[in-house]
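All remarks here apply to the structure that follows.
The values are calculated or read from the model by the stated rules, or taken from the named source; none is laboratory data. Keep in mind that what you see is a predicted model, and the values were worked out from it rather than measured. Cβ placement follows ideal geometry from the backbone for every residue including glycine, while neighbour counts extend to all protein chains displayed. Please note that ligands, DNA and RNA were not included when accessible areas were found on the heavy atoms of the full protein model with its side chains. Shrake-Rupley method; radii C 1.70, N 1.55, O 1.52, S 1.80 Å.
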Amino acid sequence: MQARGNGHRDVLENYYNKDTLHHIALMESEADTEVAITDENHNVIIASAKLDPEELKIINMKPESVPRNGAILEKRWKSEKFISTVTPYYVNKRTQGYLYMFRSTDQVQVLINELNNHFIAAALITVTLLVLTILFLSQALTNPLIRMKKATEKLSKGDFSVHLPEMGNDELGELSRSIKILAKDLQHVKEERKEFLASISHELRTPLTYVKGYADVAKRPNIDSKEREKYLEIIYEESEKLSDMIKDLFDLAKIDKNTFVINRTEVELCSYLHTIYDKVLPAFKEKGMDLQINCNEQVSVYIDPMRFEQVIFNLLDNAIKYSGPNTVTNISMNRMRDSIVIKICDQGNGIPEEDLPYIFERFYRVEKSRSRDSGGTGLGLSIVKELIEAQDGIIEVTSRLSEGTTFTIRMKEMKE
């Protein structure tokens, strides 16, 4: 209203005459507002409509010192009948009169009520949409969580047959995939435990059967001393195998309980490997095999000498067992960036490709027949892997049938 009054003021000041006065009054007669133009003594010259007593009362207040941009005379739209503004207009640089703008508060009340109704309707729609959204999201979130809760309850009871749908790439999807992976791993552990117990039973029963059977035969009084000595030798061999197996089982149990002691120290690797080479060379010569070593650099590693020797002995023992006469087994050491790579390569029977992923599992044998003469308990390579990883190393295997097998050990080099 004040801005509208200022606009009329500008027109009056530029074109002050009766026609302009009538034109302004005519314009406001068609608007929601009313206008009253007075002289400098606040006497009404013209108005756009018959003035209400309340409007006249506001005019008769005769405000003084009104700024050029006008002033608000009444703004209490809740309690008064009209709200109003006043703007002075000047002709020849002196006050010629005042321009009053009025608006009925009934119109304002109607507008406010309409706005309130709009706000209430908008609030109701917003609350309704919010409730529906919350219900939808709660269903979308709680249903998968309830299914996952039931899945974990099944896992806690030993039932690993968990089936959960794919849930995207968000946090719920990650949780669902983690539960499925956990179920799969627990199922694998359960199957491994069953297989492990079955393997232990089988491996223990076989030598015990031999010991018991040959002991019964050796006790017979009617056999000669040579035959008895032969049976006693078999009993001794089987008891040795049984003792080795129990020792391996104890070692694995200690590793699983983290009670396996690793006493690491700085070792100059090449001289250390040459010492092992000297120890095992007679065993290779006895079988008509050749053992070579390629290690001439000055390299230090941080290892447990006794446990690492156990690792090398085990790998070389496998080379002796599964390679024939006139074959060559090679021990080599090389630097590769910050790592030391030790390779033990033989020209033995090799390992089938389908068996390579499982070669380090406990009681796993490429020779499925479990023959007495095929050697080994199926625990050696498991212990090798555990010992290497306990010393922050990595062991890998590559092999080709009838060509040989290569075991690769990677260790960190000690820096000065």
Checklist line | Efficiency of FRET between Ile394 and Leu281 - r from beta-carbon atoms, R0 30 angstrom, step 0.05 | finding: 0.65
Notebook entry, point to check: If you roll a 1.4 Å probe over the heavy atoms of the protein chains, what accessible area per residue do you get for the chain, in Å²?
Noted result: 62
Notebook entry, point to check: So what is the diffusion coefficient of region 141-196 in µm² per second by Stokes-Einstein at 37 °C and 0.692 mPa s, using a Kirkwood Rh over Cα pairs?
Noted result: 279
Check: Do you know the relative contact order of region 84-161, to the nearest whole percent, from alpha carbon pairs under 8 angstrom that are 6+ apart?
Finding: 15
Check: In cubic angstrom, how much convex hull volume per residue do the alpha carbon atoms of region 1-148 span?
Finding: 159
Margin query: How big is the dipole moment of region 9-82 about its Cα centre under a simple scheme where the beta carbon of each Lys and Arg is +1, that of each Asp and Glu is -1, and everything else is neutral? Debye, nearest 20, please.
Written below: 260
Checklist line | Distance from region 253-322 to region 116-181 (C-alpha centre basis), Å | finding: 56
Next item on the list: Place the peptides 157-164, 247-254, 4-11, 83-90 in order of packing, highest mean first, counting for every residue the other Cβ atoms within 10 Å and averaging per peptide.
Entry: 83-90, 4-11, 247-254, 157-164
Checklist line | Sparse-neighbourhood loop sites, GluC sites (Glu not before Pro) in region 243-351 - DSSP loop, at most 14 other Cβ within 10 angstrom | finding: Glu297
Margin query: Suppose only helical runs count, i.e. DSSP H with n ≥ 4. What mean residue ellipticity at 222 nm does that imply for the chain under -39500 (n - 2.57) per run, divided by all residues and rounded to the nearest 500 deg cm²/dmol?
Written below: -18000 deg cm²/dmol
Next item on the list: When a/c is below 1.5 the answer is rounded, else prolate if a/b is larger than b/c, else oblate, so apply that to region 251-328 with a ≥ b ≥ c taken from the square roots of the Cα gyration tensor eigenvalues.
Entry: oblate
Notebook entry, point to check: When all alpha-carbon pairs of region 211-283 are counted, what percent fall beyond 19 Å?
Noted result: 65
Next item on the list: Give the carbon-plus-sulfur fraction of the accessible surface of region 226-288 in %, rounded to a whole number; probe 1.4 Å, heavy atoms of protein chains only.
Entry: 53
Next item on the list: Give the dimensionless ratio obtained when the Cα radius of gyration of region 62-175 is divided by 2.2 N^0.38 Å.
Entry: 2.49
Check: Which value, in nm² and rounded to one decimal, describes the direction-averaged projected area of the C-alpha convex hull of the chain?
Finding: 44.5
Notebook entry, point to check: Hey, if we sort Thr408, Thr142 by accessible area with the 1.4 Å probe, largest down, what's the order?
Noted result: Thr142, Thr408
Check: Hey, what did the chain get for relative contact order, percent, Cα under 8 Å, at least 6 apart?
Finding: 9
Checklist line | FRET efficiency for Lys157 and Leu137, using Cβ-Cβ distance with R0 set to 30 Å, rounded to 0.05 | finding: 0.45
Notebook entry, point to check: Which whole-number percent is the relative contact order of region 266-354 (Cα, under 8 Å, 6+ apart)?
Noted result: 31
Checklist line | Theoretical gain in end-to-end length, Lys212 to Ile146 [0.36 nm per residue, Cα-Cα removed] | finding: 18.0 nm
Next item on the list: Please identify which residues in region 50-72 have an amide N closer than 13 Å to a label point set 7 Å out from the Cα of Gln2, following the Cα→Cβ vector.
Entry: 66-72
Item checked: Contour minus Cα-Cα distance for Asn294 and Asn326 (0.36 nm per residue) -> 9.6 nm
